[in-house]
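Accompanying notes for the structure given below.
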Amino acid sequence: MHIYDSVKKEKLPFEPLIDDEVSIYVCGPTVYDDAHLGHARSSLSFDLLARTLKALGYSVTMAKNFTDIDDKIIKKVRESGRSIEELTTYYIDRYLSDMDAINVLRSDIEPKATESMDAIESMIARLIKLGFAYRIDSGDVYFDTSRDAKYGDISHMVSDDTVSRIEHTSQKRSSKDFALWKACNDSDDICFDAAFSSGRPGWHIECSAMIEKHFEGNDEYSIDIHGGGADLLFPHHENEAAQSRCATGREVAKYWMHNGFVQIDGEKMSKSLGNSFFLKDALEVYDGEILRYYLNSIHYRNDFNFNEEDLLVSKRRLDKLYRLKKRVSPTKPTNPSSRFKSALLSAMSDDLNISVALSVVDDMIMETNEKLDNNPKDKVLKRETLANIELVDQILGVGYRDPFEYFQIGIEQELKDEIEALLLVRAEAKKVKDFATSDRIRDQLTTMGISIMDSPEGTQWEKLL
């Protein structure tokens, strides 16, 4: 397995801290609103990573946190009149439901900031004691970046210009210093009691404390892989690495991986641009498995330009997998082809090279169809093919449905009954060579958004996207 380390900016052989075991921490959402396509892209990227590592024989422990205390959350609490627990639980449940819809495996550990206050307070107190942090008169606590000789090594983006507009107070020793703890300055604020003041944690300290709480690591690193979106590299991951390094005496992660942005029609997705695309909205129009296949079709490190035309092309590619699955069903799987398994894992072991992996799947589909054309009753091939598709599901997370269910996505039962009735009439017309009636029914079904395919096994139909 080789992965691209976004700090060292090169592809490196993956060597875990403990043989055959992998620890991964991925920065999760701040839960004040619904998940958007950027959240989906990050979740899918690291879902692919975990699936690949498991398929390679590693025991994987993945953590993805929920930031459930934050200025945006507090603003939403005041606007909604709900408690912080009600609000954040609501959006966490919606996030997990959306991730289920695109077949993202649940993380082994899902820590929340509000449930990690002891660990957060302990780490901040340690940083103060060791001289890496200081408290100002307001009760705020800041990390002293001048005490960390390696500050800037993660992102290589640190400068006075980049940090001065993030936060500022006259008592900060340097514009680069960042908040570990924010004291309450309003009687209505949502606050937590700590030795330094009543307040709430800064964003960056949460992840450091959660990693220390849930992972043992070794003398050099706390975890194997730290992941997140490319936008987190600075300041979040830079600051996280600094405070973890100074509090524990070791680096937080051996490898850093970052996924690219999602763009809508070429623009970076951003609420400030007014083009944020919520995943729930996409799921109202497109099936979750189709979205998964499409969002994973571009390498995780590249920016993703979301547009409907490419999504339709992607769906047709997934259709081919399900047509093959339909062709070899019903049967019982045996073992996947060793050649196919080796090629698929080889592609995914090369920094999750999804383009090559999908080409391997396409080649398998084409070759198998050619063999079945020559020998439609080859039961050994059918069983191996079904095992190949199960392997695709295991690693890529697609192909898990019954094929007839897949091709009837979004069809109500009443319409299904109408389609089947029309197909019966068409079949009778073809028997008596009434091709005018047969063609008229085909045109009628096309108008209804239904495509039909005649094959030796019978007439198959599917909904056009």
For region 55-88 and region 417-465, what is the separation of their Cα centres, given in Å? 49
Just want the ordering: Met257, Met117, from fewest to most Cβ atoms lying within 10 Å of their own Cβ. Met117, Met257
Structure-based [θ]222 nm, the chain - -39500 (n - 2.57) summed over DSSP H runs of at least 4, per residue, nearest 500: -14500 deg cm²/dmol
Sorted from fewest to most neighbouring beta carbons within 10 Å, what does the list Asp281, Asp47 look like? Asp281, Asp47
Any cysteines in the chain with zero other Cys Cβ atoms under 4.7 Å from their Cβ? List them, or say none. Cys27, Cys207, Cys246
Please identify the chymotrypsin sites (Phe, Trp or Tyr not before Pro) of region 8-42 that satisfy two criteria: DSSP loop assignment and at most 16 other Cβ atoms within 10 Å. Which are they? none
So which of Lys11/Lys75; Lys129/Lys176; Lys11/Lys325; Lys64/Lys176 end up more than 30 Å apart by C-alpha? Lys11/Lys75; Lys11/Lys325
At a 10 angstrom cut-off on C-beta neighbours, averaged per residue, how do the peptides 134-144, 432-442 rank from highest to lowest? 134-144, 432-442
Per-peptide average of other Cβ atoms within 10 Å, ordering 234-243, 119-128 highest first: 234-243, 119-128
Starting at the first residue of region 210-220, write each ³J(HN,Hα) from the Karplus equation 6.51 cos²θ - 1.76 cosθ + 1.60 with θ = phi - 60°, in whole Hz, x for Gly and Pro. 5, 5, 5, 5, 9, 10, 8, x, 9, 5, 9
Which labelled figure in [x] 50, 26, 17; [y] 34, 25, 23; [z] 38, 30, 22 is semi-axes √(5λ) of the Cα gyration tensor in Å, once derived from the coordinates: [x]
Dividing the mean separation of Cα pairs under 8 Å (6+ apart) by the residue count of region 413-463 yields a relative contact order in percent of 23
Given H placed on each backbone N at 1.01 Å, which residues far from Val262 in sequence or on other chains put an amide H within less than 5 Å of it? Met269, Phe304
Those GluC sites (Glu not before Pro) from region 378-465 that are DSSP loop and have at most 16 other Cβ neighbours within 10 Å turn out to be Glu412, Glu457
For region 413-463: Kirkwood Rh in Å [reciprocal of mean 1/r, alpha carbons]: 11.0
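No lab work stands behind these numbers, since they all come straight from the coordinates. Given the structure is predicted, the values throughout are model-derived calculations rather than measurements. When we count neighbours, we look across all protein chains shown, and the Cβ atoms used for this are built from the backbone with ideal geometry, even at glycine.
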